[in-house]
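Bear in mind these aren't lab numbers, they're just calculated from the coordinates by the rules spelled out. Just so you know, these numbers come straight off a predicted model, no measurement behind them. All Cβ positions, glycine included, derive from the backbone under ideal geometry; neighbour counts span all protein chains shown.
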């Protein structure tokens, strides 16, 4: 991305201002498997909570934050997630990004993008009529 893109666009990664602010005021505490970097504030004022944030590697999409880091970001626990992770289960699958708005989104059989034709009714449906 060009230098102008980094200055003015926030939706595709962190801007230069965010990167500089994070380097000056934040402490890098970890990185997840997708390359997202997690920070916490270096200084915490008396009576205030510790500030925590994420800098995405790529598009700013909150669905890209894994559950363990989501819990840490929202203060569910204080220890870093890497020290609290249970072993992976055999049935767990890798992350797939949110496909809404892309060509790989789900389209039901009657969607206009698929021709607008749906399967005919099978005759097993009986409409409700109120007892008069």
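Rounded to the nearest 0.05, the FRET efficiency derived from the C-beta distance between residue 74 and residue 28 at R0 = 25 Å is 0.85. The percentage of C-alpha pairs in the chain whose separation is greater than 19 Å is 67%.
Comparing 95, 106, 38 in a Gaussian network model of the chain (Cα springs below 10 Å), the most mobile by mean-square fluctuation is 106.
How do 93, 44 line up, fewest other C-beta atoms within 10 Å first? If you can, show how the numbers build up before the last one.
Numbers: 93 6, 44 11.
Ordered by Cβ neighbours within 10 Å, fewest first: 93, 44.
Mean-square fluctuations from a GNM of the chain, with a 10 angstrom spring cutoff on Cα atoms, peak among 104, 19, 76 at 104. Compare 91, 72, 21 in a GNM of the chain, Cα atoms joined below 10 Å, and give the one with the largest fluctuation. Most flexible of the set in this elastic network: 91. Computed extension gain for residue 48 through residue 126, at 0.36 nm per residue and net of the alpha carbon distance, reaches 22.1 nm. Calculated mean residue ellipticity at 222 nm for the chain: -4500 deg cm²/dmol, from DSSP H runs with n ≥ 4 weighted as -39500 (n - 2.57), summed, divided by the residue count and rounded to 500.
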